[in-house]
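Take a look at the structure set out below.
The values are calculated or read from the model by the stated rules, or taken from the named source; none is laboratory data. Bear in mind that the values here come from a model prediction, so they are computed numbers and not experimental data. Backbone-built Cβ (ideal geometry, glycine too); neighbour counts: all protein chains shown. All accessible areas refer to the heavy atoms of the entire protein, side chains included, with ligands and DNA or RNA removed. Shrake-Rupley method; radii C 1.70, N 1.55, O 1.52, S 1.80 Å.
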Amino acid sequence: GATLASTCKYLEAAPTTGISAWTDVSIAWATGGNQSSPVSGADGTAIGTGYQNTSDIVAQSGNVAATSAAVKASEYRGPNSLSDWFLPSKDELNQMCKWARGQAWTSDATQCSSGGTINTAPATGFSTGTYWSSSEYDAYLAWHENFTTGTQANNAKDYLGYVRPVRAF
């Protein structure tokens, strides 16, 4: 979260079983007029930038949980009522894809691929679809990752992609 940005070592994906289970939802990256407006500060792609990206998107007037990926992710509280959940950055999302597909970590720079299969445990609940990151590409586009192929690309902010909140610790 915000207070642990320099010391965090792990990302936790929102659990899809148990108390306060998360269900991946498919919604747009931004709401209405924000689909063609840049978000000041939401362009971080590196590991450790997702929380700040999410905060910047949430602060943009007009985004609401029902139709904004970052707002939806930030409003999740999980089984322990924590308020530090966020939409992962482009590189954080890539790490989640590798983990969900059971791909061994070799470096942060290694791209997720179509190798392996979506884990059923402990990565329960991941779709083989496309997930939004909190990283904006430009005023009209944001980064996402396809968990079937591991491909990262940018798409229009009104595209319906999956959301999975994460938190750092």
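A few points about this structure:
- All conditions in (1) within 24 Å of Thr17 (Cα to Cα); (2) buried (at least 16 other Cβ atoms within 10 Å of the Cβ) hold for Glu136, with the sole exception of (1).
- Exactly one residue among Gln95, Gln103 is touching an Asp or Glu at 6+ places or on another chain (Cβ under 8 Å), of a type outside the set (Gly, Ala, Ser) and either in a loop (DSSP other than H, G, I, E, B) or open to solvent by less than 60 Å² (accessible area, probe 1.4 Å) (or both), and that residue is Gln95.
- Matching residues in segment 8-47 - criterion: being farther than 23 Å from Thr130 by Cβ and surrounded by 15 or more Cβ atoms within 10 Å (Cβ to Cβ): Cys8, Gly41
- Of all residues in segment 4-57, those satisfying the criterion of being hydrophobic (A, V, I, L, M, F, W, C), part of a loop (DSSP other than H, G, I, E, B) and under 12 Å from the mean Cα position of the chain (by Cα) are Ala14, Trp29, Ile47.
- Residue in segment 28-44 that is closer than 17 Å to Arg164 by Cβ and in contact with a helix residue (DSSP H, G or I) (Cβ under 6 Å, 6 or more places away or on another chain) present: yes
- Hey, Thr117 open to solvent by 60 Å² or more (accessible area, probe 1.4 Å) and more than 19 Å from Thr67 (Cβ to Cβ) or not: yes
- Positions within segment 95-104 being under 11 Å from the mean Cα position of the chain (by Cα) and under 17 Å from Asp24 (Cα atoms), in sequence order: Met96, Cys97
- Just one residue in the set Ala65, Ala30, Ala46 is without any contact (Cβ under 8 Å) to a residue 24 or more places away in the chain, out of contact with any Leu (no Cβ under 9 Å at 6 or more places or on another chain) and more than 19 Å from Ala100 (Cβ to Cβ); that residue is Ala65.
- Candidates are the residues of segment 58-79 that are part of a helix (DSSP H, G or I) and under 16 Å from the mean Cα position of the chain (by Cα); the one that is surrounded by the fewest Cβ atoms within 10 Å (Cβ to Cβ) is Glu75.
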